[in-house]
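Let me begin by presenting the structure, written as structure tokens, before commenting on it.
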Amino acid sequence: MTSSPLKLEGTPCKHPTYVIDADDRHIHCSTCGEVLSAFDVLCEVAREYGQQDGFLGKARGELAHLYHQIDEQQVALRRIRKSVNNEDKKLNRLIARRKALEGEVGKAEREHAEDTLQLKLEAFDAGSRYPTT
Ligand SMILES: [Zn+2]
């Protein structure tokens with residue numbers, strides 16, 4: 001282990017960053033300057049790469065799942081909208097039928113009332129023409 005001009009007395013170091021010196025063919029810590037094992041650095045790089053790869057793999061899987069869920073939800077929503085539309089048409093047909101029937105009932109009631117009035121008037125006429133007392 002060589003002493004480094006970067007090394008500060010009493011500074012704790014966990015070597016988070018390093019410098020690859022291609023001329024001297026060694027790797028040293030960019031904080032404290034300690035020469036590091038190239039194999040250890042390579043293992044660390046591989047571990048970080050593996051972690052990133054694992055994250056990417058999981059994220060891609062989750063993304064694909066989300067795309068699939070969104071597609072399914074859109075299909076379900078289209079089905080529901082179509083169903084709502086059909087129910088709306090049914091409701092409108094029922095309302096139109098009710099209005100038509102209300103009209104027919106109103107007309108029939110008026111005609112019935114007129115007929116009843118006519119009968120009463122005729123009965124009154126008959127009563128006055130042929131008094132029973
Ligand atoms: Zn260091």
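Listed values, structure above:
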{"quantity": "Positions within segment 27-44 being of a type outside the set (S, T, N, Q) and within 16 Å of the ligand (Cβ to nearest atom), in sequence order", "calculated": "I27, H28, C29, C32, G33, E34, V35, L36, A38, D40, V41, E44"}
{"quantity": "Sole residue being out of contact with any strand residue (DSSP E or B) (no Cβ under 8 Å at 6 or more places or on another chain) and closer than 30 Å to T17 by Cβ, chosen from D115, D40, D71", "calculated": "D40"}
{"quantity": "G10 vs. criteria within 14 Å of the ligand (Cβ to nearest atom) and either assigned to a loop (DSSP other than H, G, I, E, B) or modelled with pLDDT under 95 (or both)", "calculated": "yes"}
{"quantity": "Residue ID - nearest to C13 (Cα to Cα), chosen from residues in segment 30-39 that are surrounded by 12 or more Cβ atoms within 10 Å (Cβ to Cβ) and not β-branched (V, I, T)", "calculated": "C32"}
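Yes or no, residue by residue, for (1) of a type in the set (G, A, S); (2) part of a helix (DSSP H, G or I); (3) more than 49 Å from the chain's Cα centre (by Cα); (4) farther than 30 Å from K14 by Cβ:
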{"residue": "Q51", "(1), (2), (3), (4)": "no, yes, no, no"}
{"residue": "L66", "(1), (2), (3), (4)": "no, yes, no, yes"}
{"residue": "Q74", "(1), (2), (3), (4)": "no, yes, no, yes"}
{"residue": "K82", "(1), (2), (3), (4)": "no, yes, no, yes"}
{"residue": "E87", "(1), (2), (3), (4)": "no, yes, no, yes"}
{"residue": "A100", "(1), (2), (3), (4)": "yes, yes, no, yes"}
{"residue": "G103", "(1), (2), (3), (4)": "yes, yes, no, yes"}
{"residue": "R110", "(1), (2), (3), (4)": "no, yes, yes, yes"}
{"residue": "E114", "(1), (2), (3), (4)": "no, yes, yes, yes"}
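The values are calculated or read from the model by the stated rules, or taken from the named source; none is laboratory data. All values derive from a computational prediction rather than experimental measurement. Virtual Cβ from ideal backbone geometry, glycine too; neighbours counted across all protein chains shown.
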